[in-house]
Amino acid sequence: MSWKTLQSDLAEAGYIASAELAMALHLALTLERPLLLEGAAGVGKTEVAKMLALLQSTRLIRLQCYEGLDASTAIYEWNYQRQLLSVRAVAEKDLSTQEVEDQIFSERYLLKRPLLEAISQSQPPVLLIDEIDRADEEFEAYLLEILSDFQISIPELGTIDAVSKPMVILTSNGTRDLSDALRRRCLYSFVEYPDLSTELAILQKRLPHIDKLLAEQLVGFVQALRKEDLQKNPGIAEMLDWSAAVAGLGVANLSDDPVQLQATLVCLLKTQSDIAAIPVEVTQRLAGKLA
Amino acid sequence: MCAAQLTRFPQTVTGVSERLSGFMAHLRHNGLPVTVTEYSQTLEALACINMCSANEVRLACKAVCAGRSDHYDQFDELFRAYWFNAGREKLSVVSSDQQRKKPSPSIFQPGIDNNRQPDSSRGTADETDSSAADDSSAHSGEGKLIATTTKNLEKIDLRELMTPESVQRAEKLAHQLAAAMRDRRSRRRRAANRGAMLDLRRVIRKSVSCGGEPLTLYKRHKPDRPVNIVALLDVSGSMTVYAKIFLSFLKGLVSHDQRTDAYLFHTSLVRVSDALRDNDTLRAVNRLSLMAQGFGGGTKIGTNLQQFNRQYAAQTVNGRSVVIILSDGYDTDPPEIISQALQRLKKRGCRIVWLNPLKGWKDYAPVAGGMAAALPYLDFFAAANTLESLAALEPHLQRL
């Protein structure tokens, strides 16, 4: 499979990928390397992983990172209660300490969390490590072993090797700079906001019933809006929401009803200051340029 | 790669791998941290694409070798420069652009802070103040090395330096100071879902219901008691010379975490915490400098502090706050207002730090009416006219 086929397959499934992204994905798949995706919020980084899982018809295992995420939530944990009960149960039998230990520190007593789960699947899943920049550096260091060797060390049990190598996708919004060690283990692609024609293609793929003229207006408006000085630029999901809203209201032309247009902007602008920054006049100026 | 387009190779170089190693050296020379690993990976990558298409080779090399967003932006230029002899075929069209971004080794010198280099060189061009001329000589690579000058710059009064490096340094200092102030872990322990310690009392109490088996383990941890930092920066006429450095200092404080709050004032008070959380330091600072200039006029420290008390203090200032005021203390209001406002602020239990750039001057005495009136309410009063003096604050702030 070449990268062009991958690109067109993704497009078929409803994800329009840039050449850079498609190539990075293709290489990540063929070289079996993790892929680090960076870019603003709402450019479709997470969506890539979902689509990839869909294309390969395999499981998507998702690990959402947050501050304070630790190994016991992300990798594995011992099932303490079960261990305790089994210790009680064997107390009457005459077993040596070594035998008891071997029993309670075996895989049966291990609770698998996403990362361990991902490397112990028989069919390689897509592992999405979302917003890695939110996790702390300590966790990033844990990840290194998994990403480079696809193995996990458990002190009581030894090293667990991957049954199959998962396809790993990491995403980052750049709230914190990631370590070079992590970057070096990954392929890299920076996902930008799509340009006009790409975004139009996305809209037509996702909401095919929208009239072509209106679609052009909608996408043009969102593109112009991103150039304004906003706190949170509207992402692709917002654009789709808004388009569905506008189309659902039965609007045929954006410049028809200024009041209604202004009211629908709640789909795009998500903070109070952004709403204040785009008053009716600005909306009309942006909409006027399209007409 | 089509052989016709390649002209720079000596006859002896034949294989793909040899040519690629030259390209890797070229990338390394321009600040991309490529190693043998990347080299071998690129070779692997080339094996699974169509090597005759320059575009595919570019995309593949980009995915492997560019590891961060600024390298990602640089990459296409570097690729073209190497494989197509410095982009000769397009030189006539985009010559000015090419001049600026042309990867001359002195601009993308490894080790002189690769991350921000393209931004800062652009920022220098935008700057119109008097120091711009000096900066550009430091950046064009013909002049002195940046690394050797930073040490000297630290001792110059902040008025005289507005270089991107010092702006960055101010930000870094602010990070350190904020961290020094903020790291306050409690000595007490509190029940928590996750924690390093067992909460034995609870474990035993709850085990009673399971017939004495400690089935559920309860944990405790030492809760964080972070210090909230609230910074108020004077951007009146007398302070404009320091504004840029202090703004980046403010940015450093604010971007450190979400709780920090920052305000600008001269005749009126503006909350700028959100504007400062812009990822691009120079853009944020330039934008705010413009914002600050827009107001003009004198300083009304007292009135602004009163307004702060009324409008924001209730949400942001409590017993665990440190309020940092960066001002020279020249006030057009009567001094009583300042003392009243500070007194009221002080009652919230916060600590007040006043950093005055004038204090670093020889023979300075806080005789300006406002400053004198403020002194009794300050927990800490220090100079802030050089980056060094800012750095020296750390142990003092730690004690607060």
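The values are calculated or read from the model by the stated rules, or taken from the named source; none is laboratory data. Since the model is a prediction, treat every value here as computed from it, not as a measurement. Don't worry about glycine lacking a Cβ; one is built from the backbone with ideal geometry, like all the others, and counts go over all protein chains shown. Ligands, DNA and RNA are stripped out before the accessible areas are found, and what is left, the full protein with its side chains, is counted by its heavy atoms. Shrake-Rupley method; radii C 1.70, N 1.55, O 1.52, S 1.80 Å.
I'd like the mean, over residues of A:77-85, of how many other protein chain beta carbons sit within 10 Å of each residue's own Cβ. It would help to have the intermediate numbers written out before the result.
On the way: counts 0, 0, 0, 4, 6, 0, 0, 5, 2.
Counting other chains' Cβ atoms within 10 Å and averaging over A:77-85 gives 2.
Taking the Cα centroid of the range A:126-150 and of the range A:201-237, what is the distance between the two, rounded to the nearest whole Å?
Spelled out, the Cα-based centre of one part sits 33 Å from the other.
Solvent-accessible area of A:LYS212, probe 1.4 Å, all protein chains present, reported in Å² to the nearest ten, please.
Here the residue's solvent-accessible area equals roughly 120 Å².
Please give the peptides A:53-61, B:64-72, A:274-282 ranked by average Cβ packing (other Cβ atoms within 10 Å per residue), highest first, as a rough proxy for protection. Don't skip to the end; give the middle numbers.
Details: A:53-61: 16.4, B:64-72: 22.6, A:274-282: 13.3.
So the order, starting with the most tightly packed, is B:64-72, A:53-61, A:274-282.
Gap in Å between the Cα centre of the range A:61-87 and the Cα centre of the range B:10-62?
Value for the Cα centre distance between the two parts: 42 Å.
Peptides A:156-163, A:17-24, A:108-115, B:239-246: what's the order by average Cβ count within 10 Å, highest mean first?
Working: A:156-163: 13.4, A:17-24: 24.1, A:108-115: 16.9, B:239-246: 21.6.
Descending mean neighbour count gives A:17-24, B:239-246, A:108-115, A:156-163.
Percent antiparallel among DSSP beta bridges with both residues in chain A, to the nearest 5? Provide the component values of the computation, followed by the final result.
Details: 7 of 24 bridges.
Percent antiparallel among DSSP bridges in chain A is about 30.
So how do A:VAL251, B:VAL36, B:VAL230 rank on accessible area, 1.4 Å probe, biggest first, that is with the largest at the start? The partial results should precede the final answer.
Numbers: A:VAL251 30, B:VAL36 110, B:VAL230 0 Å².
My answer, sorted largest first, is B:VAL36, A:VAL251, B:VAL230.
Which whole number gives the average count of other chain Cβ atoms within 10 Å of the Cβ atoms across peptide B:54-64? Can you show the working numbers first?
Numbers: counts 0, 2, 6, 1, 3, 11, 7, 1, 9, 17, 8.
Counting Cβ atoms of other protein chains within 10 Å of each residue's Cβ and averaging gives 6.
Tell me which residues come under 5 Å, amide H to amide H, from B:ILE352 once H is placed; ignore anything under 5 positions away on its chain.
Close amide H contacts, sequence-distant or interchain: B:VAL323, B:ASP379, B:PHE380.
Amide H of A:LEU69: which non-local residues (sequence gap of 5 or more, or other chain) have their own amide H closer than 5 Å, using H built in the peptide plane?
Long-range HN contacts for A:LEU69: A:ASP136.
Suppose every Lys and Arg Cβ carries +1 and every Asp and Glu Cβ carries -1, with no other charges. What dipole size does chain A come out with about its Cα centre, to the nearest 20 debye? List each step's numbers first, then the result.
On the way: 27 positive and 42 negative charges, 158 e Å.
Roughly 760 debye for chain A.
Not counting ligands, DNA or RNA, and with a 1.4 Å probe, what is A:ASP149's accessible surface area in Å² rounded to the nearest 10?
Using a 1.4 Å probe on the heavy atoms, I get roughly 90 Å².
Can you tell me the 0 to 90 degree angle between the C-alpha axis of helix A:196-206 and the longest principal axis of chain A, rounded to 10?
Tilt relative to chain A: about 70 degrees.
With θ set to phi - 60° and the Karplus curve 6.51 cos²θ - 1.76 cosθ + 1.60, what are the ³J(HN,Hα) couplings of the range B:194-211 in order, to the nearest whole Hz, using x for Gly and Pro?
Those phi angles translate into 10, x, 7, 10, 7, 8, 4, 4, 6, 4, 5, 4, 6, 5, 4, 6, 9, x Hz.
Counting only other chains, and only Cβ atoms inside 10 Å, what mean value do you get across the residues of A:22-32? Intermediate results must be reported in sequence, preceding the final value.
Numbers: counts 2, 12, 7, 1, 7, 12, 2, 1, 5, 8, 0.
Going residue by residue through A:22-32 and averaging, the value is 5.
Lys and Arg at +1, Asp and Glu at -1: add these up for the other residues within a Cβ distance under 14 Å of A:ARG206 and post the number. Display every interim value, and only then the final one.
Details: positive: A:LYS50, A:LYS205; negative: A:GLU12, A:GLU47, A:GLU199, A:GLU238, A:ASP241.
Taking every Cβ under 14 Å from that of A:ARG206, the sum is -3.
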